[in-house]
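Here's the structure we're looking at; comments come further down.
Only the coordinates and a few stated rules stand behind these numbers; no lab work does. This is a predicted model, so every value here is computed, not measured.
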Amino acid sequence: MKTGNAIDGLVRLLAGITLLGVAVSPASADPLKIEAVVSTKEQVRLDFADGSSHFVAMVRREGKATGQGLLSGAAVNEYGRHDVIPGVGGDAGGYLVFALPDGDVANIKWLLRAVFVPGPDGKLKVLDTGVWEVVSGTGKLKGLRGAGTLNLKPVSATDRNFILQGELTPAADSGKM
């Protein structure tokens, strides 16, 4: 093999790999910052009769998403399980179902840990921090991918504000990896 032919072949190979790399480069992710204030519609609660104030609640809450990103404006349903020992800590998890006005749905799994810390006034306050990830979708949201952080803030005795930040890769881009 002549040196010139080997170099030409190598240049063609590298050019092909470069073009292939452009064709299969990861899809661009879109930033997401959504808040969804949800109100309790159903609740089943177990209060432990041991003096600890420990409780487990299964809840269904409804609300609307506002903010930045693909899911802004969606109706939101929370299906959650909250296992809490007030003043000590807790674990919670469940699903948020985001339904866009056209009927397409994104299903998001979430997990969080509740930690009680002293507030500025000396009273305990809860820090609810966790993670979320897209697990499925329908319609144009089928194939949607994404994940991020979650904070949960009490709005009232029964209402909660889910704050999701992270990134989403739209369904149309999800197969380009």
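Once a ≥ b ≥ c are taken as the square roots of the eigenvalues of the Cα gyration tensor of region 70-154, is the result rounded (a/c under 1.5), prolate (a/b larger than b/c) or oblate (a/b not larger than b/c)?
Numbers: a/c = 2.96, a/b = 2.57, b/c = 1.15.
Prolate shape, in that a/c is at least 1.5 and a/b is the bigger ratio.
Using 0.36 nm per residue, how much length does the chain from K33 to T129 gain when fully extended, once their Cα-Cα distance is taken away?
Numbers: separation 96, 0.36 × 96 = 34.56 nm, distance 1.50 nm.
Taking K33 through T129 to full extension adds about 33.1 nm, to one decimal.
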